[in-house]
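Here it is, the structure in full.
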Amino acid sequence: MGRIKLVFTVVAVTVAALLTSILPAVAESPAQSIVFFPVTLGNGATYSCTGGPPFVSNGDDSAGNCAVQQIGKPADLVCDVPTTITFVHDMHQFVADGSLCHTSTDEPIAPA
């Protein structure tokens, strides 16, 4: 079970990296929330999400409300508000822990 979770996490981050390099317009879409998805091995990924929870990243179609913003944690934000993000791939769902990001003095923010 742990090995499957690790493989799925690596696949999710790899897909995120590919989408960021291939589809920069998707990564820059307007959003209301920034969610950081950490991984044990690697840099993790930052997602730009419209609306609030549930946060869903669906690479297969537009049913999700989150898109990859960048690989790694945002340097200018604090990501410490626990949340979850659901990754959907070929009808399979994987719910993972993530963190909602905000400025160091504010509640979770909407990116400019």
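Could you please give the count of residues in the stretch 85-95 that are closer than 16 Å to Gly52 by Cα, without any contact (Cβ under 8 Å) to a residue 40 or more places away in the chain and surrounded by 16 or more Cβ atoms within 10 Å (Cβ to Cβ)?
The number of residues fulfilling the criteria is 1.
Considering the stretch 42-57 alone, what residues qualify as being of a type in the set (Gly, Ala, Ser) and buried (at least 18 other Cβ atoms within 10 Å of the Cβ)?
The answer is Gly44, Ala45, Ser48, Ser57.
Given the condition at pLDDT 90 or above and surrounded by fewer than 19 Cβ atoms within 10 Å (Cβ to Cβ), answer yes or no: does some residue in the stretch 58-65 qualify?
Checking the stretch 58-65: not a single residue is at pLDDT 90 or above and surrounded by fewer than 19 Cβ atoms within 10 Å (Cβ to Cβ).
Can you confirm whether Gly72 is more than 12 Å from Val35 (Cβ to Cβ) and at pLDDT 90 or above?
Spelling it out, Gly72 is indeed more than 12 Å from Val35 (Cβ to Cβ) and at pLDDT 90 or above.
Do we have Val81 as hydrophobic (A, V, I, L, M, F, W, C), more than 13 Å from the chain's Cα centre (by Cα) and modelled with pLDDT of 90 or more here?
yes
The values are calculated or read from the model by the stated rules, or taken from the named source; none is laboratory data. Note that the structure is a prediction, hence the values are computed from the model and not measured. Here the Cβ is made from the backbone with ideal geometry for all residues, glycine too, and neighbour counts use every protein chain on show.
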